[in-house]
1. Being free of Cβ contacts under 8 Å to residues at least 60 places away in the same chain, among the hydroxyl-bearing types (Ser, Thr, Tyr) and assigned to a helix (DSSP H, G or I), is that true of even one residue in the stretch C:133-154?
2. Mind checking which residues of the stretch B:22-55 are crowded, with 22+ Cβ neighbours inside 10 Å and either outside any loop (DSSP other than H, G, I, E, B) or among the basic types (Lys, Arg) (or both)?
3. Just to verify a result, which residue in the stretch C:1-53, among those that are acidic (Asp, Glu) and closer than 30 Å to residue B:73 by Cα, is farthest from the other protein chains (Cβ to nearest Cβ)?
4. Out of all the residues in the stretch B:91-116, which are among the hydroxyl-bearing types (Ser, Thr, Tyr) and more than 24 Å from residue C:8 (Cα to Cα)?
5. Can you pull out the residues in the stretch C:100-117 that are under 13 Å from residue C:16 (Cβ atoms) and over 10 Å from the mean Cα position of the chain (by Cα)?
6. For the stretch C:192-210, state whether one or more residues are among the β-branched types (Val, Ile, Thr), part of a helix (DSSP H, G or I) and modelled with pLDDT under 95.
7. Got a sec? Which helices (runs of 4 or more DSSP H) wholly within the stretch B:65-154 have at least 2 residues that are more than 9 Å from every other protein chain (Cβ to nearest Cβ) and under 16 Å from the mean Cα position of the chain (by Cα)?
8. Considering the stretch A:147-178 alone, what residues qualify as being among the basic types (Lys, Arg), under 21 Å from residue C:227 (Cβ atoms) and more than 10 Å from chain C (Cβ to nearest Cβ)?
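The values are calculated or read from the model by the stated rules, or taken from the named source; none is laboratory data. For clarity, every value in this text was computed on a predicted model and none was experimentally measured. Glycine gets a Cβ as well: all are built from the backbone with ideal geometry, and neighbour counts include every protein chain shown.
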Amino acid sequence: MPGYCIKPLRAVSPERQVRVTVEKRMNWTFFHKLGSPKWFYEISGKWLPWLAILAALLMAVGLTWGLMFTPPDYLQGNSYRIIFLHVPTAFLASAIYVMMACAGVVTLVWKMKLADMALKCCAPIGASFCLMALITGAIWGKPTWGTWWVWDARLTSMLILLFLYMGVIALRGAIRTTNTAARACAILTLVGVINIPIIKFSVQWWNTLHQGATLKLTEKPSMAPEMLWPLLISIAAFYLFFTVVLFLRLRTEILDRERRTKWVHNIVTAGAGN
Amino acid sequence: MLEVAKLRCERDDRVLFSNLSIQLSPGELLQIEGCNGAGKTTLLRVLAGLSGDYRGQVIWRGQKLSRVYADFRLSTFYFGHKPAVKTELTPVENILWRSSLRNESYSEQSVFSALEHVNLAGYEDIPCGQLSAGQHRRVALADLSLSTTPLWILDEPFTAIDVDGVAWLEQRLAQHISEGGAVVMTSHQSLSKLSDRVRKLRLEAFSAVDEETGHEESEAWL
Amino acid sequence: MSVASLNGGRAFLDLVKRDLVLAFRTPGQTLNPVAFYLMVASLFPLGIAPEKALLSQLAGGIVWIGALLAVLLSLDSLFRSDQEDGSLDQLLLSPHPLPLLVLAKISAHWLTTGVALIVMAPLLALMLHLPTQAFPALLLSLLLGTPLMSLAGGIGAALTVRVQRGGILLTLLSLPLYIPVLIFGTGAVQTAVEGLSYSGHLLWMAALLMLGLCLAPLAIAASLRIVADG
């Protein structure tokens with residue numbers, strides 16, 4: 001990124017400068033290897049089946065346990081069971097945005113292609129989780145609050161988070177040049193991540209101001225361990241599920257963006273030959 | 001003054017040029033030629049520091065361009081595709097805001113005489129919206145002729161300029177390089193008056209993809 | 001010429017002056033957001049009910065939402081006209097720090113849009129029967145809120161400057177940034193209506209404005225450089 005520089009001009013000979021950059025690059029070889037799409041494609045190919053199996057296993061255990069074997073809540077009866085879907089999706093929706101912001105920093109600072117691909121692939125997944133959290137929240141709200149939608153602080157922040165995701169996806173779609181779109185989206189996610197705590201705080205304040213105490217999920221009664229364990233398992237399962245989906249998307253994205261390199265060519269021709 | 005080493009640019013998955021090296025010294029005029037879509041404007045935008053989407057090195061007075069932007073921008077005049085003339089402002093006002101951004105200041109008198117040189121005498125106080133496209137470019141050229149910056153980067157400066165204007169601009173370019181300035185420009189026009197001092201560069205000569213600097217060892221983007 | 005001789009202050013003032021002159025010479029465009037503001041605010045009573053009691057409850061929110069929409073409407077042209085005639089390239093190529101020039105453009109935008117909205121606000125508040133004790137809160141919150149909206153919206157305007165018909169996208173990008181401003185702004189008016197102290201809201205807005213003044217010009221400058229690659 002061209003920057004402005006008002007530093008005093010240092011008299012550095014070109015030879016010395018070249019040496020300096022070479023030295024710098026040496027230190028980062030490991031990091032660069034990590035960011036190499038080819039390397040990632042190979043490694044992720046090896047991990048993917050195991051991750052998928054583990055995700056399916058945990059999902060099955062967590063959800064079956066949560067939905068069928070845990071005792072009903074003494075207040076909400078069986079309707080609370082939706083938390084085994086609602087909490088993990090809401091959790092991931094926020095976590096993915098932070099992850100995207102980290103990828104954005106790497107994109108801007110080290111211009112690492114893989115980080116941008118991750119940012120791009122994360123956005124629709126995060127948006128889906130966000131939407132799912134909103135829908136499950138509404139479904140849960142109907143029996144609990146008697147209404148589909150409440151302008152509760154958490155629901156409202158989740159809705160705004162969905163807007164943030166939509167903004168990143170729309171901006172990516174609007175800019176044609178890949179590298180430009182990459183850095184523009186990185187900036188946007190960073191602005192968003194600075195904004196999230198401000199939104200969160202202001203919405204909470206607004207909520208208490210306007211509505212007083214509504215029925216809240218915020219004050220957690222200490223959860224019974226027979227509910228907590230399946231919840232933790234399903235959170236882990238959703239994390240793994242996210243990783244699997246991300247890997248699948250990333251691998252497709254890598255093949256698409258690197259389509260003119262030899263190694264992708266080899267993979268594709270080998271695949272066609274079989 | 002300005003040096004380019006192993007420059008490579010691609011847009012929309014198409015390599016515009018690669019392995020392009022240029023050395024521009026004071027007193028030189030480099031004319032970049034190429035058919036439409038060859039990447040002339042892209043090259044000029046890279047040279048002007050407007051675009052960072054390239055591989056290779058751009059060196060300004062012995063240092064990497066990205067380290068000396070402030071000094072570089074103080075020394076450069078960029079004349080783009082679009083003339084950067086506000087239609088609501090008069091030619092004089094346009095020249096004044098443009099020069100203020102470049103940290104140059106001209107006296108009112110010199111602005112008037114520059115406008116006279118580009119045949120805009122009598123139009124000084126008319127909003128540019130009432131002038132033609134060619135006259136807009138003339139306003140920008142009047143600004144150019146006043147500028148004391150040593151490096152001029154000009155994208156098709158002769159477009160929409162009439163015969164008299166072309167002759168005047170050629171003469172002004174000759175004066176600039178004889179004073180030790182340097183010019184990089186794109187043009188389809190052959191510069192008849194300057195023919196002995198013009199170096200030409202055909203962009204198509206660098207459009208071949210060389211496998212050695214292929215994708216896998218890219219520097220700018222991993 | 002050395003780098004030290006840069007006269008950033010003059011460049012800043014010249015750019016503000018240029019944009020103000022541009023705004024004064026195209027009064028139609030400049031007054032568009034203000035007319036829009038007036039229309040939005042007069043649609044609310046027509047759409048809800050002309051009852052004084054109800055309107056005086058909603059007045060603060062209506063004036064604020066109108067201001068927010070008017071700012072959004074005006075943002076699209078913030079950098080777009082400069083992009084269309086090539087002036088943006090001259091801005092990017094200036095030896096002056098780009099965030100400084102960006103701040104000049106934002107200042108001019110606020111002076112032409114934000115100030116007009118603040119001046120109009122008491123009139124709208126009267127039409128909507130806002131209780132008199134809330135007028136100072138409304139004006140002060142707009143005084144802090146409109147520059148903040150110009151700053152935050154500038155980021156979206158910069159990112160979408162090369163996008164054809166980027167208006168809706170700009171709205172989508174700017175809206176999340178505007179929500180805290182709207183909450184604190186209407187909150188201040190609402191507390192004033194209830195006769196309570198609203199200084200907390202204003203202090204929060206002032207803090208956000210400081211944050212915006214520090215970070216937004218940097219973000220806008222970076223965005224403009226990034227999208228210049230096209």
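1. So in the stretch C:133-154, the residues free of Cβ contacts under 8 Å to residues at least 60 places away in the same chain come out as C:135-136, C:139, C:143.
Those left that are additionally among the hydroxyl-bearing types (Ser, Thr, Tyr): none.
Scanning the stretch C:133-154, I find no residue that is free of Cβ contacts under 8 Å to residues at least 60 places away in the same chain, among the hydroxyl-bearing types (Ser, Thr, Tyr) and assigned to a helix (DSSP H, G or I), so the answer is no.
2. Those that are crowded, with 22+ Cβ neighbours inside 10 Å and either outside any loop (DSSP other than H, G, I, E, B) or among the basic types (Lys, Arg) (or both): B:29, B:32, B:40, B:42, B:43, B:44, B:45, B:46, B:47.
3. Kept after step one, since they are acidic (Asp, Glu), are these residues of the stretch C:1-53: C:14, C:19, C:51.
Still in the running and closer than 30 Å to residue B:73 by Cα: C:14, C:19.
Working: C:14: 4, C:19: 9 Å.
Filtering the stretch C:1-53 for residues that are acidic (Asp, Glu) and closer than 30 Å to residue B:73 by Cα, the one farthest from the other protein chains (Cβ to nearest Cβ) comes out as C:19.
4. Of all residues in the stretch B:91-116, those among the hydroxyl-bearing types (Ser, Thr, Tyr) come to B:99-100, B:105-107, B:110, B:113.
B:113, the sole residue that qualifies.
5. C:100, C:101, C:102, C:103, C:104, C:105, C:108
6. Yes: one or more hits.
7. Values: elements: B:69-74, B:91-101, B:108-117, B:133-146.
Output list reads B:133-146.
8. Matches in the stretch A:147-178: A:172 only.
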